[in-house]
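The values are calculated or read from the model by the stated rules, or taken from the named source; none is laboratory data. Quick caveat: nothing in here was measured; it's all calculated off a predicted structure. Here the Cβ positions follow ideal geometry from the backbone for every residue, glycine too, while neighbour counts run over all protein chains shown. These accessible areas exclude ligands, DNA and RNA; they are computed on the full protein's heavy atoms, side chains included. Shrake-Rupley method; radii C 1.70, N 1.55, O 1.52, S 1.80 Å.
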Amino acid sequence: SYPNKANGTVMLIAAFENDKTVFRQESSFYYFTGITEPGLVLTLSLDNKTALYEPNFGQARKQWVYSPVPLTQENTKNIKIDEIRTLGDQVGGYQLFPFFKQQSYAHIIEKLKQIVKDGASLFTLYPDNEYAYVEQRMVLQRLISFVPGLEECIIDISEIVADMRRYKDMSEIERITKAIEITTLAHEAAAQALEHGMYEREIQANLEY
């Protein structure tokens, strides 16, 4: 049987940190939320109720990692989210990984089980190709292993999201133009700072400055 497209939830999954590169948020997640925290899950029900699920780090993460946007219930209006919830039980340490333990995602798993029980749809980024949304699909595969019947409920929305992101409004065009201007100035400044015998790291420092 096919899932009911009139009854369902949109789910977007943020990127994860790693130890080798500076964290970069998953593009589509950032496009819809503007939030740069890792390991998050955003759900949007078809009645426009949004919930942001964050890893349950306890206090450990605050000791080591600065969060530019407080993900608290008191700050929901500022980030345009109806409710902040935890993904599941408290995790060890201050980092979450794609091959997470089931209890670390216990609360979102309960929601997914309800979607399956209701015969509803899970609208998410799950394209059938070799290259797109790889990390998010790893998470979904992990969740599918925990929630019987979930895969049959999934409806891929990657083409819809691509169409939405393809068209830019004037504010987006202005920000892109400003970013290009800043990048051009930075490259010009780096070129002017070049001297014989300089190391690449010194040029990089000038460019980033």
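Students often forget the sequence filter, so: which lysines lie under 22 Å Cα-Cα from K111 once same-chain residues fewer than 8 apart are removed?
K5, K49, K80, K101
Starting from the Cα of E202, step 7 Å along the direction of its Cβ; do the same at Q141; then give the gap between the two resulting points in nm.
Each label point is offset 7 Å from its Cα along the Cβ direction, giving 4.7 nm.
How much area per residue is accessible in the chain when the probe is 1.4 Å and only protein heavy atoms are counted (Å²)? Display every interim value, and only then the final one.
Details: 13620 Å² over 209 residues.
Heavy-atom accessible area per residue stands at 65 Å².
Over segment 28-153, one equal point on each Cα, no solvent: what is log10 I(q)/I(0) by the Debye formula at q = 0.12, 0.19, 0.21, 0.22 Å⁻¹?
With no solvent term, the Cα-only Debye profile gives -0.47, -1.23, -1.48, -1.58.
Order these peptides, 177-187, 34-44, by their mean beta-carbon neighbour count within 10 angstrom, highest first.
Top of the packing list down: 34-44, 177-187.
Only bridges whose two residues both fall in the chain count here: according to DSSP, what percent of them are antiparallel, nearest 5? Each step should come with its number before you reach the end.
Working: 9 of 20 bridges.
About 45 percent, rounded to the nearest 5.
What number, rounded to the nearest 500 deg cm²/dmol, is the helix-based mean residue ellipticity at 222 nm of the chain, given -39500 (n - 2.57) per DSSP H run of at least four residues and division by all its residues?
On the way: 9 runs with 88 residues, N = 209.
Calculated mean residue ellipticity at 222 nm is -12500 deg cm²/dmol.
Which order do you get for E174, E151, E17 if you rank them by accessible area with a 1.4 Å probe, largest at the top? Could the numbers behind the result be given before it?
Values: E174 115, E151 85, E17 45 Å².
Listed by decreasing accessible area, they come as E174, E151, E17.
What's the extension gain from Q102 to R175 if we count 0.36 nm per residue and subtract their Cα-Cα distance? Working shown, then result.
Details: separation 73, 0.36 × 73 = 26.28 nm, distance 4.01 nm.
Computed gain between Q102 and R175 is 22.3 nm.
Lysines within cross-link reach of K178: Cα-Cα under 20 Å, excluding same-chain residues under 8 positions apart?
Here the lysines satisfying the reach criterion relative to K178 are K168.
If you wrap a convex hull around the Cα atoms of segment 1-61, how much volume per residue is inside, in Å³? Show your work: numbers first, answer last.
Values: hull volume 8.0 nm³, N = 61.
Taking only Cα atoms, segment 1-61 has a hull volume of 132 Å³ per residue.
Roughly what percent of Cα-Cα pairs across segment 139-184 reach past 11 Å? Present the calculation step by step, with values, prior to reporting the outcome.
Details: 778 of 1035 pairs.
When every Cα pair of segment 139-184 is considered, 75 percent fall beyond 11 Å.
Using 0.36 nm per residue of separation minus the Cα-Cα distance, give me the extension gain between E74 and Y167 in nm, one decimal. Walk me through the numbers on the way to the answer.
Working: separation 93, 0.36 × 93 = 33.48 nm, distance 3.30 nm.
Between E74 and Y167, full extension yields 30.2 nm more.
Just order 115-128, 73-86 by mean Cβ neighbour count inside 10 Å, highest at the front, would you? Walk me through the numbers before you get to the answer.
Working: 115-128: 18.4, 73-86: 13.5.
In descending order of packing, they fall as 115-128, 73-86.
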